[in-house]
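Reading through the structure tokens given below for one structure.
Every read-out reported here was derived from the displayed coordinates using simple, explicitly stated rules and does not represent laboratory data. Quick caveat: nothing in here was measured; it's all calculated off a predicted structure. Cβ coordinates were reconstructed from backbone atoms using ideal geometry, including for glycine residues, and neighbour counts include every protein chain displayed.
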Amino acid sequence: MKVSIIGSGYVGSVSAACFAELGHEVICIDIDEEKVKQINAGIAPIWEEGLDELMQKHTQKMLIATSDYDYAVQNSDASFICVGTPSGEDGSIDLSIVKAASASLGRAIAKKDHYHVVVVKSTVVPETTEKVVLPLIEEYSGKKAGKDFGVAMNPEFLREGKAVYDFMHPDKIVVGAIDERSFFVVSELYRRLDCKVTHTNPRTAEMIKYVNNSFLATKISFANEVGNICKQLGIDTYEVMDAVGTDFRIERQFLNCGAGFGGSCFPKDVKALIGKAKDIGYEPQLLRSVVDVNDKQPLKMVELLQKKLGDLKNKRIAVLGLAFKNDTDDIRESRSIPVITELLRLGADIAAYDPMAEESMKKIFHDVTYCKSAAQALEEAEGCLIMTEWTEFRKLDKEFESMANRVVIDGRHLIDPKDISTDVDYEGLCW
Ligand code: UDX
């Protein structure tokens, strides 16, 4: 089949390369000429494991890029909207990019004689596809949904860093379509994948995405709350979760307590669902608590440090890990951001290190010393906060020796106390 993909960010470029790998002819549409050039040269616009290889394999054969909507729509059966949906000031989602893409798509569909399917892959709150995208396409194309063009919502469930793998090995494919024809076109695209396709309507598909992420976020905040209680009682919460997680109805994953969740999805999606609920007059209590627990958790790291070191003014504190999780340079909603903000407020002297995310963090914090290794950050430090689950932070015993005061607070359950010497004052955040 032939598909066009609007937006060459993380979701768009992964979807484009993977659809090409599944044997479809793909046209990427992006208003950014630089990205268009990059893709046409076989270079992936973002880093994702396995993406460069797929781009090189398919560019100029199964995959091309353009900024010309008309060309892309004329030469494809379906267009996927994969543009960003950032958070607005109040946490609700900002649909301006989705609206602009829908208008451009509508103008291109106006010039097409055949049926074309519009597929929303961007994460949008329930009702957006039917109440925002569909009317815009009708308005700009002058055509009728369900008759002249189809509409579907097909959410993604891709983890950053593992997005190519997740696309090719899905545990679910959800297609919310306004009619059978749209459903058929979208589900055909995934035919080569060994996965059942859930056939539903667009608003349910939109909700599935939010509920999926909100539930995972809820599991983490739940684990953090339980961890905080266990710590007070001298119980190892990891041992508790290992046992509780054997119940197949609960499952062990995402029950690791620590500094909380960050990233481009969980915080934004939970807040957007809260915003949508409020719009319809419902005050969600549980989801609010999920956000509250997550906001407080990183600050507990600083509180623990203060308990051990007293006033932090002018004390050198090593912050290990800036990315929101390991194996990425993404710092969006990283738990290290509130921690650094608080440490700066308290007048601490911060020595930070991250294997990949230094450049991104430099744009936010200037008053931080960025180090080239964990060893450099730890030298002469009074305390150390482990913020990200990078494997290289597991074995730091030798490096801790150079600290002025060996206080180590682990926010990611990375260090086994058996692996470090007894003169390190090690404490897990909530275990
Ligand atoms: C997530 C979802 O997993 C993915 O399905 C969705 O499409 C996008 O959001 P991602 O943001 O890449 O993916 O990160 P993920 O690996 O899920 O981790 C999210 C955050 O939760 C990280 O900050 C991680 O450190 C934290 N986390 C995860 C915990 O604190 N505890 C856990 O048990 C698991």
*Just grab the label-to-label distance for LYS111 and LYS57, each label 7 Å out from Cα along the Cβ direction, in nm (one decimal).*
3.4 nm
*asked:* Need the C-alpha centroid separation for the range 153-174 versus the range 57-98, integer Å.
replied: 17 Å
_Calculated P(r) of the range 2-200 - Cα pairs past 28 Å, %_ = 19 percent
*Looking only at the range 28-47, which residues have a backbone nitrogen under 19 Å from a spot 7 Å from the Cα of ASP68 in the C-beta direction?*
28-42
*Helix-derived mean residue ellipticity, 222 nm - over the chain, DSSP H n ≥ 4, -39500 (n - 2.57), to 500*: -12500 deg cm²/dmol
*What does the chain give for Rg and for Dmax, in Å, if only its C-alpha atoms count?*
23.7, 76
*Point-to-point label distance, PHE215-LYS307, nm (Cα→Cβ direction, 7 Å offset)*: 3.5 nm
*Are there any helices in the chain, counted as whole DSSP H runs, that stretch 15 Å or more along their axis by Cα and score at least -0.5 on average by Kyte-Doolittle, and if so which?*
10-21, 96-110, 202-233, 266-279, 285-309
*Starting from the Cα of ASP419, step 7 Å along the direction of its Cβ; do the same at SER373; then give the gap between the two resulting points in nm.*
1.7 nm
*FRET E, pair ARG252, GLU34, Förster distance 56 Å, beta-carbon r, rounded to 0.05*: 0.85
_Working only with C-alpha atoms, what are the Rg and Dmax values of the range 219-269, expressed in angstrom?_
11.7, 34
*GLU239 to LYS395: extension gain in nm, 0.36 nm per residue of separation minus the Cα-Cα distance?*
54.0 nm
*Which GluC sites (Glu not before Pro) in the range 24-91 pass both tests, a DSSP loop state and at most 13 other beta-carbon atoms within 10 Å?*
GLU49, GLU89
*Among the chymotrypsin sites (Phe, Trp or Tyr not before Pro) in the range 270-357, which ones are in a DSSP loop with at most 15 other Cβ atoms within 10 Å of the Cβ? Mind listing them?*
TYR282
*Quick one: in the range 229-431, what % of C-alpha pairs are over 21 Å apart?*
54 percent
*Determine the sum of side-chain charges near GLU225: Lys and Arg each +1, Asp and Glu each -1, restricted to other residues whose C-beta is under 15 angstrom from that of GLU225.*
+3
